[in-house]
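Peer 1: Sharing a structure, written as C-alpha cells. Questions coming.
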4 protein chains.
Amino acid sequence: MTEAFTHRLRVRYSECDPQGVVFNANYVTYFDIALTELWREAIGPYADMMAAGADMVVAETRVRYLAPARFDDVLDISIVPTRLGNTAMTTGMEVRLGETLVVEGEMRHVFVDTRSGLKRPIPDDVRRGLEPYAVDLAGEASAPAP
Amino acid sequence: MTEAFTHRLRVRYSECDPQGVVFNANYVTYFDIALTELWREAIGPYADMMAAGADMVVAETRVRYLAPARFDDVLDISIVPTRLGNTAMTTGMEVRLGETLVVEGEMRHVFVDTRSGLKRPIPDDVRRGLEPYAVDLAGEASAPAP
Amino acid sequence: MTEAFTHRLRVRYSECDPQGVVFNANYVTYFDIALTELWREAIGPYADMMAAGADMVVAETRVRYLAPARFDDVLDISIVPTRLGNTAMTTGMEVRLGETLVVEGEMRHVFVDTRSGLKRPIPDDVRRGLEPYAVDLAGEASAPAP
Amino acid sequence: MTEAFTHRLRVRYSECDPQGVVFNANYVTYFDIALTELWREAIGPYADMMAAGADMVVAETRVRYLAPARFDDVLDISIVPTRLGNTAMTTGMEVRLGETLVVEGEMRHVFVDTRSGLKRPIPDDVRRGLEPYAVDLAGEASAPAP
C-alpha cells in the first residue's frame, strides 16, 4: 500500500476572485507547489536537480473542479506518481478541504537537459526517490496475460 | 464553415518564470481572458449576464503544452464552443505564436444561478450569441446512422 | 520592548521572474499574507471581523528592495503596527532571508463598514489585539510638552 | 510641455479579489506593464536592451490607492520619467478610470550590467529615448536663484 504525499497550504486572499473562491488557474499553481515539496521530501531541493543538469517541463495538465475553496481555507494537496516512464512522469493530484474533495487533477512532466533543452531520461536518484511514493508501478507491467 | 474567435495578447514579464517562459498555470488565465472577450463580441459584457442572474463556474480544464512562449511575445488565443448542452458548455482553445501552436486545451463551464448557486439552463441570449462561433453543433446529433 | 510578529513562507516558483528572483509586486502580496497571519494570532480569523461588519482597504503601500530572494528561499516577514489612528492603521514590514534584509516597506489601511463602504473607527477588539504587537504607540501622544 | 505616455489595459477577472476590486499588489504589475510599453515606443523592445547588456532592477515602489477599479474596467496608465540620474531612473505613474484617478504611484529603477549584476550608467540610447517623455528635467537644476 502506498500512502500519498500530502502538502498543506492556506488559501491566500489574492488567490480568490470576485466569486469569493480560489480562481481556477491557481489550482495548477498549487499542484506545482506540492510537487516541489514532494521533491524536497523524496529527493532533495528541486534546485539541486537543476544544478546537476536536469529540469522538468510540463507537457499536460488536467483539472476537475468539484467543490469551491475560499480565503483562509486550509487545503491538503496529495500527489501520487502514477507513471515513471523513460523520460516522462505522470502524477495524480487531489486537493481536499477536510473530507471534501475540492479538485482532482493530473500533470505530465518531461525531463530535459538544462543546457540543450532536449529530452533526457529521468535521473536515477529521482526515480529511486519517487518510487516509494508511487502507486504500484511494477503492477502495470506484471499483470499476467489472460 | 466556422471561423474561430481570436483574442490577441502580449506576454507580461510577471507571467514568465525562471525558465524564461510563460508559467504553465498562466495559460489557464489566458483561456479565461479570451472567453471574456468572446463574450463581449458575441453576447455583451460578461457583467451584464451576471446582473441578469446567471454566472458560470469552471468544471474542468485541460491543457497541452506544445511549445514555449516568452516575455513580450504576442499570442493569438482562439476559442471555439464545441458543445452547448442544457446547463454546460465546452470550449476548445488554441494559443499560437505566429504559426506555432504553443498550447492546446479545453474548458467545460456550468451555468449557475447567481443567487442560489445551483445549475441553470444556458440563457437563451447566450446560446444564440455563441452559436455562430461554434463548430457545427447540429452535425454532432444529425450524423446519419451507418 | 515590542517583539515583531513574524510569518515565515517559502518562495514559490511561480512568484519568480526571468531574472530568477521574486517579481517585485509579489512582496506586496507577501505583506498581505503576513498581515492575515498577524490577525489570526492577535485577534482571530480575518473573516470573523468581516462577518462582524468591518473590513480594511489599502490606502498606501511603499516597498524598498534591498536584496534579491529566489525560488525555494525561506523568508521571514515581520510586521509591526506603527500607528493605530481613529480609522486608519500603519504597519511597518521587513522581509529577511536569514540575516539579510531583502525588503523593507510600509502599508496604510483604512477601516470601512462592510455594508456602506464608508470609513469607520477601528473595532475595539482589533485595537486591543494589535496593541501588544505595536511599537510604543502611547509614547507618541504622551510626550511631555517642552 | 510634456505629454505623458499612456498605456490602456482592461482589468482581468483573475486580478480582482473577493471585495470585487483589483487586488492592491496588481497595480505594481500594471506599472511594470506600462513601463514595458513606454520602452517599446520610446526606445524599442525591452529585450533588445537586455541583449545589449543592460537591465533594470526595481529599487523602490510607492502606491496610493484613491478609488477602486473592477473587473472589465478599462484603465489608462500614464507614466512620466521624473528623474534620469547617472545609474537610476524615477518614474511617476497615474492610473485612471475615465476621469477618475484610481491610483498614483512612483517607481525607482537602477540600471545594472546583465553579466555582473553591478550598477551601470543609463545607456545613451535609453536616455535619449526617454527624454522627450520626461518632465522638464533640466528645469530642476536651472531654476534661477530668488
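Only the coordinates and a few stated rules stand behind these numbers; no lab work does. If you're wondering where the values come from, they're calculated on a predicted model, not measured in any experiment. So basically every Cβ, Gly included, is an ideal-geometry build from the backbone, and we count neighbours across all protein chains shown.
Peer 1: Taking the residues in the stretch C:30-45 that are of a type outside the set (A, V, I, L, M) and within 11 Å of chain D (Cβ to nearest Cβ) as candidates, determine which candidate is surrounded by the most Cβ atoms within 10 Å (Cβ to Cβ). Walk me through how you get there before you give the answer.
Peer 2: Keep residues of the stretch C:30-45 that are of a type outside the set (A, V, I, L, M), which gives C:30-32, C:36-37, C:39-41, C:44-45.
With within 11 Å of chain D (Cβ to nearest Cβ) added as a condition, the list becomes C:30-32.
Details: C:30: 26, C:31: 24, C:32: 19.
Ranking the candidates gives C:30 first.
Peer 1: Among (1) more than 22 Å from residue A:117 (Cα to Cα); (2) surrounded by 18 or more Cβ atoms within 10 Å (Cβ to Cβ), which single condition is residue A:49 missing?
Peer 2: Of the numbered conditions (1) more than 22 Å from residue A:117 (Cα to Cα); (2) surrounded by 18 or more Cβ atoms within 10 Å (Cβ to Cβ), the odd one out for residue A:49 is (1).
Peer 1: Sticking with this structure for a sec: Got a number for residues in the stretch B:1-24 being assigned to a loop (DSSP other than H, G, I, E, B) and either more than 10 Å from chain A (Cβ to nearest Cβ) or among the β-branched types (Val, Ile, Thr) (or both)?
Peer 2: Of the residues in the stretch B:1-24, the ones assigned to a loop (DSSP other than H, G, I, E, B) are B:1-4, B:11-12, B:17-20, B:23-24.
Restricting the remaining residues to those that are either more than 10 Å from chain A (Cβ to nearest Cβ) or among the β-branched types (Val, Ile, Thr) (or both) gives B:1-4, B:11-12, B:20.
Here the count works out to 7.
Peer 1: Somewhere in the stretch C:84-105, is a residue over 15 Å from residue C:35 (Cα atoms), touching a residue at least 12 places away in the same chain (Cβ under 8 Å), in a loop (DSSP other than H, G, I, E, B) and among the small types (Gly, Ala, Ser)?
Peer 2: Taking the stretch C:84-105 first, the residues over 15 Å from residue C:35 (Cα atoms) are C:85-87, C:96-103.
Retained after the next criterion (residues that are touching a residue at least 12 places away in the same chain (Cβ under 8 Å)): C:85-87, C:96-97, C:100-103.
From what's left, in a loop (DSSP other than H, G, I, E, B): C:85-87.
With the extra rule that they be among the small types (Gly, Ala, Ser), the set shrinks to C:85.
The answer is yes; a qualifying residue exists.
Peer 1: How many residues are out of contact with any Pro (no Cβ under 9 Å at 6 or more places or on another chain) and either at the interface with another protein chain (Cβ under 10 Å from one of its Cβ atoms) or outside any strand (DSSP E or B) (or both) when one looks only at the stretch B:57-78? Give the steps one after another, and end with the answer.
Peer 2: Initial filter on the stretch B:57-78 (out of contact with any Pro (no Cβ under 9 Å at 6 or more places or on another chain)): B:58-69, B:73-78.
From the residues that got through so far, the ones that are either at the interface with another protein chain (Cβ under 10 Å from one of its Cβ atoms) or outside any strand (DSSP E or B) (or both) too are B:58-69, B:73.
Selection size over the stretch B:57-78: 13.
Peer 1: Failed condition for residue B:27, given (1) without any contact (Cβ under 8 Å) to a residue 60 or more places away in the chain; (2) closer than 26 Å to residue D:31 by Cβ; (3) not basic (Lys, Arg), with all others met?
Peer 2: Answer for residue B:27: the failing condition is (1).
Peer 1: List the number of the failed condition for residue A:27; all other conditions in (1) within 12 Å of chain B (Cβ to nearest Cβ); (2) assigned to a strand (DSSP E or B) hold.
Peer 2: Going through (1) within 12 Å of chain B (Cβ to nearest Cβ); (2) assigned to a strand (DSSP E or B) one by one, residue A:27 breaks only (2).
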